[in-house]
Amino acid sequence: MKHPPSPGLNEDDMVRHLQATGRYRILKMLEPRPVMAASRPGYPLKGVILDTETTGLNHRKDEIIEIGAIAFTFDEAGNIGDVIGVYGGLQQPSISIPPEITRLTGITDNMVAGQMIDVHRLRAIVEPADLVIAHNASFDRPFCEAFSSIFAGKAWACSVSEVDWAFRGFEGTKLGYLIGQAGYFHEGHRAVDDCFALLEVLAQSEGEPGRTPFAELYAASQRSRVRIFAANSPFDMKDHLKARGYRWSDGSDGRPKSWWIELAEDALENELRYLRSEIYRWDEADPPVRRLTAFDRFKA
């Protein structure tokens, strides 16, 4: 005896059925949020998520070949409102795009031939922003400030270093890892697509208001940090400093030629005690300290 066919499952039913087996993990294609002509009230602040593609890693000699930016509103608690603007543009560099950059980004010489980033449209998005966010701001900020003065004086935040992704259960900080573990997939390495992908990851609520990655990021951007330079530290202490997380500066970027570390401001006194007792072994040692806010962090 034949059984009557089961009624057809719609897409949502199929997803729930597969997930319920415990043998499947479903990724949903990320769909960009709509751009609203007028934002909802209650979100008085403006943010910009920005991404660049470049001809290389050195902002002093390499060039931007693509910029993507999306503007959105948010409130003081870090709740995201609406997308209110999008811009993406290509620019022809002064050299041929290196083959490894084309492999990474998909951008070819033919695509950028005759193209120029519209600085006026970009300015309309960036100028009103209270915060500019990049996924590795230490890379994007120097390139952007070398490209145009519209980025000068803006507050920046880094969604790699200023969100504790490991605490949130993510296995890495690359955008591809984050978007996949958030339950999405997208066509990566085009600037605007990556911006929308990052927005969705930052908006993940974990079921609790105020616990989004963006709320954490915005709170971190409001706090001052300190950069301590272990200037004139004994040479034989270099391995101790390196093991503690200090990095070497050769002085070519305007910083003191020394080992240095960046910490939360409330960790300053403890770190100075460590340097005086373990490195300098002199209670009066006074290594240079620079206080940083979002307005000067991630600069070249």
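From the set of residues in the range 153-198 that are in a helix (DSSP H, G or I) and without any contact (Cβ under 8 Å) to a residue 60 or more places away in the chain, which is farthest from the chain's Cα centre (by Cα)?
Q181
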Inset, instruction - State the number of residues belonging to the range 228-259 that are open to solvent by less than 20 Å² (accessible area, probe 1.4 Å) and at pLDDT below 95. - result: 1
Legend entry - Of residues in the range 275-300 being part of a helix (DSSP H, G or I) and in contact (Cβ under 8 Å) with a residue 12 or more places away in the chain, the one most open to solvent (accessible area, probe 1.4 Å): E278
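Just the residues that are in contact with a Gly (Cβ under 8 Å, 6 or more places away or on another chain) and either closer than 23 Å to D296 by Cα or surrounded by 16 or more Cβ atoms within 10 Å (Cβ to Cβ) (or both), please, taken from the range 192-227.
V192, D193, D194, C195, A197, T212, F214, A215, E216, L217, Y218, A219
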Inset, instruction - Using the structure shown, decide if D109 is in contact with a strand residue (DSSP E or B) (Cβ under 6 Å, 6 or more places away or on another chain), loosely packed, with under 15 Cβ neighbours inside 10 Å and farther than 30 Å from T212 by Cβ. - result: no
Inset, instruction - Name every residue in the range 228-274 that is touching a residue at least 40 places away in the same chain (Cβ under 8 Å), acidic (D, E) and farther than 16 Å from A285 by Cα, in order of residue number. - result: D253, E265
Legend entry - Qualifying residues in the range 129-165 (those that are among the polar types (S, T, N, Q) and open to solvent by 10 Å² or more (accessible area, probe 1.4 Å)) - the one farthest from D62 (Cα to Cα): S161
Legend entry - Number of positions in the range 95-143 that are touching a residue at least 60 places away in the same chain (Cβ under 8 Å) and in a helix (DSSP H, G or I): 11
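The values are calculated or read from the model by the stated rules, or taken from the named source; none is laboratory data. Quantities reported herein were computed from a predicted structural model and do not represent experimental measurements. Backbone-built Cβ (ideal geometry, glycine too); neighbour counts: all protein chains shown. The protein model used for the area step is the full one, side chains on, heavy atoms only, and it has no ligands, DNA or RNA in it. Shrake-Rupley method; radii C 1.70, N 1.55, O 1.52, S 1.80 Å.
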